[in-house]
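Just below is one structure, and these are the notes that go with it.
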Amino acid sequence: ELLQQVLSFAAVLKTRFQIKPGERAALMFYNQKEFLVSFYALRLLGAVVVPINMQLAPDDIGYVITHSGSRLIIATAELAQKLLPLLSASGGSQAPLPSLIVANLPETIRSIEPSPAAPYVSFEKLIEQAPDKEASTLAADLQPAETPEMNVLLYTSGTTGRPKGVML
C-alpha cells in the first residue's frame, strides 16, 4: 500500500508539477505517513528533499524555503497555516512562489485547484487523481539510482544567526 501511494504521488509530482532530478522540495510534517510518501516519491524522482523543522520561527521558515530554492512545499494542514502568510508576503518578490500541497485537510475544504481563497492543493485529492499509467511506468522503471550530488538538504536551527544548510 505504501509503495502504491509513493508511486502515485511521484506520478503526480512528475506530470503535474514537472519535478525533475536535482530540484528541491520542502517538507513540513509531524511524524506521519504522508512524510514518508512525500520523501520517497521525491527521491524516486531524484529531487532533493528539504525537511523543515516545525519549531523554527516563521521568519526562519521563510528563509529556509527561499535559501534552499524549494519550488514545492508539502505540509500537513496544521503546519501549513504557518506558511500561508509567508507565501502571500513574498508575493512581491522576483522569485516565483512555491506551489503548496497540503495533507490532512478536512474533506469540506479540500481543493484540487489553487485559487486566491485556497492557494494550495490537497495531497489526498492528488493521490486519488494520480495517472495510473505514469505510476505503472515508474514502478516498471524502478532501478538503483546513481548516487546524486545531494539527496537531502537539512538546515540547522540557526542558534548563532540564520539557519545553515547541510547537504547530505
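Summary table below
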| read-out | value |
| --- | --- |
| Within segment 1-79, chymotrypsin sites (Phe, Trp or Tyr not before Pro) in DSSP loop having at most 14 other beta-carbon neighbours inside 10 Å | TYR30 |
| Residues with amide H under 5 Å from that of ILE74, placed H, sequence gap 5 or more | ALA26, LEU27, MET28, ILE101 |
| Segments 43-54, 121-132 sorted - mean Cβ within 10 Å per residue, highest first | 43-54, 121-132 |
| Segment 1-107 - convex hull of the alpha-carbon atoms, volume per residue in Å³ | 103 |
| Residue pairs, from the table LYS33/LYS82; LYS82/LYS133; LYS14/LYS164, whose Cα atoms sit over 26 Å apart | LYS82/LYS133; LYS14/LYS164 |
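Every read-out reported here was derived from the displayed coordinates using simple, explicitly stated rules and does not represent laboratory data. This is a predicted model, so every value here is computed, not measured. Reconstructed Cβ throughout: ideal geometry from the backbone, glycine too, with neighbour counts over all protein chains shown.
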